[in-house]
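S.K.: The structure's right below; bear with me while I get my questions together.
What follows is calculated from the coordinates using simple rules that are stated; it is not laboratory data. It should be emphasised that the depicted structure is a prediction, and the values quoted were computed from it without experimental measurement. Cβ placement follows ideal geometry from the backbone for every residue including glycine, while neighbour counts extend to all protein chains displayed.
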Amino acid sequence: MIEPDHALKGRSEVVNVQRPHLVYGVSMMEAVPPDAQVAYVAMGCFWGAERKFFELDGVINTSVGYQGGFTPNPSYEEVCTGKTGHAESVKVVFDPSKVSYRQVLACFYENHNPTQGFRQGADIGTQYRSAIYYVDDVQRATAHEVTAIYAAMLASRGYATITTEIAPAGPFYLAEEYHQQYLVANPNGYCGLGGTGVSCPVGLA
């Protein structure tokens, strides 16, 4: 991981995505509705990761961006150098009356391999790390609880220790427009995600 003093400088200009979401038809720039909640996760290449969440019932908006690092408003090319500290992240806006945060985390864990450190399959680099960025103490406690449950499930199947970063949600820098809902615009596009095949039993305590 790059040290903060050695990270790229970045810029003050923010990315402004004008077109609506290709699945929901809503703006990706609008504020989270008062009756909705937001989750931030990173699980490798964000193209395939975003698709897992806009296919999840109860999710009402998604976007991809950069999070967990040091460089303000980085470009995709800068993130790929490993010199920003950011992970490729997904912002998931969901209706808690239809899907719980625990279920969002189950979708997160079941659709990638969280034991690989700074990589996901063939995608290698700190930007591809597994991470949960929580927005409050409730999400923090839930993230640690679900992670402990899933770690035990993985260990029983012979997998290594979970390397998922669990940290407070810092700024989410929206990625360039062509990355948003990439696999809708490019149905045959690259998706490097691969789960472990181990289910995440979020109902257990």
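S.K.: Over the chain, what is the mean sequence separation of C-alpha contacts under 8 Å (at least six apart), divided by residue count, expressed as relative contact order in percent?
M.R.: Answer for the chain is 29 percent.
S.K.: Moving on to the next point. What does the charge count near A131 come to, summing +1 for each Lys or Arg and -1 for each Asp or Glu among other residues with Cβ under 12 Å from its Cβ?
M.R.: Local net charge: -1.
S.K.: Summing Lys, Arg as +1 and Asp, Glu as -1, what charge do residues with Cβ under 14 Å from the Cβ of R102 carry, R102 excluded?
M.R.: 0
S.K.: Let me ask something additional. Cα to Cα, under 17 Å, and not fewer than 8 places away if on the same chain: which lysines meet these conditions relative to K52?
M.R.: K91, K98
S.K.: Another question about this same structure. To make sure I understand the rule: partners must be lysines, Cα under 21 Å from the Cα of K9, and not fewer than 8 residues away in the same chain. Which ones qualify?
M.R.: K83
S.K.: Oh, and also: Who wins for biggest fluctuation among K98, K52, K83 in a Gaussian network model of the chain, springs between alpha carbons below 10 Å?
M.R.: K98
S.K.: Report, in whole Å, the centroid distance computed from the Cα atoms of the stretch 158-178 and the stretch 17-77.
M.R.: Using only Cα atoms to place each centre, the spacing works out to 12 Å.
S.K.: Using a basic spin-label model with each label point 7 Å from the Cα along Cα→Cβ, how many nm lie between M1 and L22?
M.R.: 3.2 nm
S.K.: Report the residue, chosen from V32, V138, V79, that carries the largest GNM mean-square fluctuation when the chain is represented by alpha-carbon nodes joined by springs under 10 Å.
M.R.: Of V32, V138, V79, the most mobile in the Gaussian network model is V138.
S.K.: Considering only DSSP states other than H, G, I, E and B, which chymotrypsin sites (Phe, Trp or Tyr not before Pro) in the stretch 138-205 qualify as loop sites with at most 15 other Cβ atoms within 10 Å?
M.R.: Taking the stretch 138-205 and a limit of 15 other Cβ atoms within 10 Å, the loop chymotrypsin sites (Phe, Trp or Tyr not before Pro) found are Y190.
S.K.: With runs of 4+ DSSP H residues as the only contributors, calculate the mean residue ellipticity of the chain at 222 nm using -39,500 (n - 2.57) per run, divided by the residue total and rounded to the nearest 500.
M.R.: Helix contribution divided over all residues of the chain: -7000 deg cm²/dmol.
S.K.: Hey, got the dipole for the stretch 4-183? About the Cα centre, +1 on K and R Cβ, -1 on D and E Cβ, debye to the nearest 20?
M.R.: Charge dipole of the stretch 4-183: 320 debye, to the nearest 20.
S.K.: GNM on the chain, C-alpha springs below 10 Å: top fluctuator among E176, E55, E110?
M.R.: Result for the chain, Cα springs under 10 Å: E55 fluctuates most.
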